[in-house]
Amino acid sequence: MEKTWNNKAWFMVLPVLVLVAFSAVIPLMTVVNYSVQDTFGNNEFFWNGTQWFTDLLRSQRFWDSLSRNLIFSGIILALEIPLGILIALNMPKKGAWVSVCLVLMALPLLVPWNVVGTIWQIFGRTDIGLFGYVANALGFDYNYVQDPVDAWLTVIVMDVWHWTSLVVLLCYASLVSIPDAYYQAAKIDGASRLAVFRYIQLPKMRRVLTIAILLRFMDSFMIYTEPFVVTGGGPGNSTTFLSIDLVKMALGQFDLGPAAAMSIVYFLIILLFSWVFYTVMTASDAQN
Amino acid sequence: MARITLDHIRHAYSPEAEARGDYALKEVHHEWEDGGAYALLGPSGCGKTTLLNIISGLIRPSGGRIAFNGVDVTDLPTEARNIAQVFQFPVVYDTMTVYDNLAFPLRNRHVPEAQVDKRVREILAMTDLESMAKQRARGLTADQKQKISLARGLVRADVNAILFDEPLTVIDPHLKWMLRSQLKQLHRSSGFTMVYVTHDQTEALTFADKVVVMYEGEIVQIGTPTELFERPSHTFVGYFIGSPGMNVMPAAVQGRTAVIGGQEIALAGTPKLGGEGRIELGIRPEFVRLERGGLPISIDKVEDIGRQKIVRARFAGHPLSIVLDEDQDIPADAGARFEPGAIGIYANSWRVGMEA
């Protein structure tokens with residue numbers, strides 16, 4: 001039988017193409033477009049080559065905010081992952097308290113970002129904030145508006161408060177899926193608490209931990225709203241992360257070219273980290 | 001290796017259930033010999049796993065004491081009881097190799113590494129797992145994983161008892177046969193006290209010296225396979241063991257005669273009845289003869305199952321199964337005859353003794 005060739009079927013893909021074009025490709029290309037050109041307004045553009053990129057990579061300001069971002073992500077991962085595992089391990093497995101704990105855990109995740117920022121902004125204020133006021137009354141010199149360390153402390157504690165629950169819920173879900181027989185067998189085999197964690201619970205949580213670390217890394221690397229609301233990037237530039245810096249550059253100074261170059265580099269960094277991390281985790285998975 | 005004493009053990013899963021008298025395990029009072037192979041046999045929910053978990057210490061009984069070699073262990077945690085247990089579904093430590101899985105219980109007890117190695121190799125050889133010793137347990141099939149669980153149960157040489165909780169459920173039939181006979185062999189060579197939970201009578205009868213039949217939270221009989229077959233002490237045992245199960249019919253007893261539907265049946269002796277409740281007559285299908293001039297029966301159908309024929313008939317309105325040899329003819333006007341020595345009389349489901 002003769003095959004009939006009919007390329008009209010390609011039209012079926014058209015809606016998706018249009019959708020993706022408008023939602024992703026065109027905005028991204030606009031950014032690419034800005035990143036290689038210079039403009040003085042009036043929609044007049046001049047070819048600028050890779051100038052913005054070389055400028056960016058040579059600027060101290062970029063490296064400073066990048067390292068602030070990396071340090072921030074490192075700290076919150078180091079805090080939230082172990083803490084999340086610890087809480088998940090200690091949550092009840094059955095009974096009436098299960099739902100109470102789950103709801104309590106889910107609450108911070110339901111609060112909008114800028115509300116979280118506002119809560120902590122007020123909470124930490126030395127004049128009317130409960131925490132800030134009490135800390136000072138007890139003789140601690142705490143002031144996140146003036147002291148960079150206090151500002152960092154506030155932003156980190158806020159992130160831990162906001163996002164540890166995510167790690168807890170992911171870990172808890174995989175923990176409750178472990179059949180009782182495993183724990184019973186471990187008892188029979190005389191395994192210590194640590195061995196139970198190392199050989200039963202941790203292997204079971206491995207996959208969700210990969211996801212949790214990826215999510216928390218990407219999210220914390222893109223953090224904007226909460227520190228913006230609490231510290232506005234200050235004092236000085238001490239809590240100016242990449243995203244805050246980017247917004248300052250693009251909307252504050254209206255330097256569209258450098259901002260576009262920065263956006264692209266920013267995106268590539270996240271992509272690179274996620275790819276490396278994912279590859280390493282799945283490779284060690286396959287090895288097992 | 002230990003003698004296990006179950007001293008008035010009973011268990012309810014919650015205090016409320018206990019208050020209602022709703023026991024998952026009603027009173028069990030027995031002594032199991034050192035080095036014996038016991039099978040706990042019974043339908044699902046009869047309390048056999050509960051009893052097993054009480055022995056291993058995973059459950060603390062609501063009442064009664066349990067002792068190994070006369071030493072009370074009721075309050076000892078599982079780890080301290082020195083028990084090995086194999087579960088229904090495979091439990092393996094995924095991230096470890098097969099070898100490390102077997103070594104795990106020994107290393108946890110700080111056995112010197114040279115001894116660990118010797119023992120693990122022995123068991124690997126015994127269970128045919130040598131070829132995969134270096135493999136990680138993760139990628140293995142359910143069969144293989146269960147073999148690892150079994151092997152891990154056998155690896156400690158000094159355990160008080162090895163408990164098996166329906167360990168062959170996930171194993172395919174061919175391998176089941178092999179493993180079962182390997183276990184039996186192992187029991188003979190090692191002298192471990194072994195307790196084996198199952199709901200499969202073939203498994204229980206081939207594995208155990210003594211079969212413990214459980215029904216609704218009670219032990220209804222402990223005996224050798226022959227005893228269970230020939231003298232079931234409870235109608236449930238008669239029904240559960242043997243295929244088809246024992247014929248049980250309501251009867252009236254007058255001296256050395258039982259009467260069912262107006263028909264008189266001779267007994268081997270006089271049942272010692274205290275005048276109590278429901279009286280039944282039980283006889284295995286293997287001990288019913290078909291011959292001319294016997295008790296009047298009507299035959300519904302004949303099932304040919306190869307070496308034997310099963311005759312499904314009715315006697316005085318009650319169903320009656322009869323097992324015949326394959327080549328035995330069925331006369332047209334056949335009646336049934338019960339072998340007097342094989343008849344048991346049951347009062348309220350329990351077998352009563354007879355006076356000669």
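The values are calculated or read from the model by the stated rules, or taken from the named source; none is laboratory data. Remember, predicted model here, so these are calculated numbers, not experimental data. Don't worry about glycine lacking a Cβ; one is built from the backbone with ideal geometry, like all the others, and counts go over all protein chains shown.
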### Query
Which one of these is touching a helix residue (DSSP H, G or I) at 6+ places or on another chain (Cβ under 8 Å) and surrounded by fewer than 14 Cβ atoms within 10 Å (Cβ to Cβ): B:A266, B:A252?
B:A266
### Message
Give me the residue from region B:85-125 that is under 15 Å from B:G153 (Cβ atoms) and in contact with a Leu (Cβ under 7 Å, 6 or more places away or on another chain) and, out of that set, nearest to the other protein chains (Cβ to nearest Cβ).
### Response
B:Q85
### Task
Those residues that are more than 11 Å from chain B (Cβ to nearest Cβ), among the β-branched types (V, I, T) and within 30 Å of B:I83 (Cβ to Cβ), I need them from region A:156-205; list them, please.
A:V176
### Message
For the structure I just gave you, tell me whether B:E218 is surrounded by fewer than 17 Cβ atoms within 10 Å (Cβ to Cβ) and either more than 29 Å from the chain's Cα centre (by Cα) or in contact (Cβ under 8 Å) with a residue 60 or more places away in the chain (or both).
### Response
no
### Positions within region B:130-142 being surrounded by 15 or more Cβ atoms within 10 Å (Cβ to Cβ) and either aliphatic (A, V, I, L, M) or more than 14 Å from chain A (Cβ to nearest Cβ) (or both), in sequence order
B:M132, B:A133, B:A137, B:L140
### Task
Kindly indicate whether any position in region B:223-238 is within 14 Å of chain A (Cβ to nearest Cβ), within 30 Å of B:R10 (Cα to Cα) and either surrounded by fewer than 22 Cβ atoms within 10 Å (Cβ to Cβ) or in contact (Cβ under 8 Å) with a residue 12 or more places away in the chain (or both).
no
#### Entry: Residue satisfying condition, being closer than 23 Å to A:V157 by Cβ and of a type in the set (K, R), within set A:R68, A:R58
A:R68
### Query
Assuming B:V28 fulfils every condition listed in (1) modelled with pLDDT of 85 or more; (2) within 19 Å of the chain's Cα centre (by Cα); (3) over 30 Å from B:E130 (Cα atoms); (4) away from chain A (no Cβ under 14 Å) apart from one, which condition is it?
(1)
### Query
Which of the residues spanning region B:48-84 are touching a Ser or Thr at 6+ places or on another chain (Cβ under 7 Å), of a type in the set (D, E, K, R) and more than 14 Å from chain A (Cβ to nearest Cβ)?
B:R65
### Message
Among the residues of region B:97-155, what is the count of those that are without any contact (Cβ under 8 Å) to a residue 24 or more places away in the chain and not in a loop (DSSP other than H, G, I, E, B)?
### Response
16
#### Entry: Every residue from region B:172-198 that is assigned to a loop (DSSP other than H, G, I, E, B) and either more than 22 Å from B:F89 (Cβ to Cβ) or modelled with pLDDT of 85 or more (or both)
B:G191, B:F192, B:T193
### Task
Could you please give the count of residues in region A:89-132 that are surrounded by 16 or more Cβ atoms within 10 Å (Cβ to Cβ) and of a type in the set (G, A, S)?
4
### Task
For B:G45, work out the one condition from (1) within 14 Å of chain A (Cβ to nearest Cβ); (2) without any contact (Cβ under 8 Å) to a residue 24 or more places away in the chain it doesn't fulfil.
(1)
### Message
I'd like to verify a number: residues in region A:133-155 that are exposed (fewer than 14 other Cβ atoms within 10 Å of the Cβ) and not β-branched (V, I, T), how many?
### Response
6
### Message
Is it the case, given these coordinates, that B:S321 is surrounded by fewer than 11 Cβ atoms within 10 Å (Cβ to Cβ) and of a type in the set (S, T, N, Q)?
### Response
no
### Query
How many residues, within region A:157-189, are within 21 Å of B:R136 (Cα to Cα) and of a type in the set (G, A, S)?
3
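Conditions (1) of a type outside the set (D, E); (2) surrounded by 16 or more Cβ atoms within 10 Å (Cβ to Cβ); (3) under 16 Å from A:G190 (Cα atoms), marked per residue:
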position	(1), (2), (3)
B:I66	yes, yes, no
B:V73	yes, yes, no
B:Q85	yes, yes, yes
B:Y93	yes, yes, yes
B:V98	yes, yes, no
B:E122	no, no, no
B:D128	no, no, no
### Query
Inside region B:276-295, can you point out the residues that are loosely packed, with under 14 Cβ neighbours inside 10 Å and either among the polar types (S, T, N, Q) or over 32 Å from the mean Cα position of the chain (by Cα) (or both)?
B:E291, B:R292, B:G293
## Note on the structure
Over region B:32-52, the set of residues charged (D, E, K, R) and either assigned to a helix (DSSP H, G or I) or touching a Leu at 6+ places or on another chain (Cβ under 6 Å) (or both) is B:K48
### Message
So the check is Cβ under 7 Å with 6+ separation or different chains; which pairs have a first residue in region A:263-288 that's modelled with pLDDT under 85 and a second one that's outside any helix (DSSP H, G or I)?
### Response
A:N288/B:T95; A:N288/B:R136
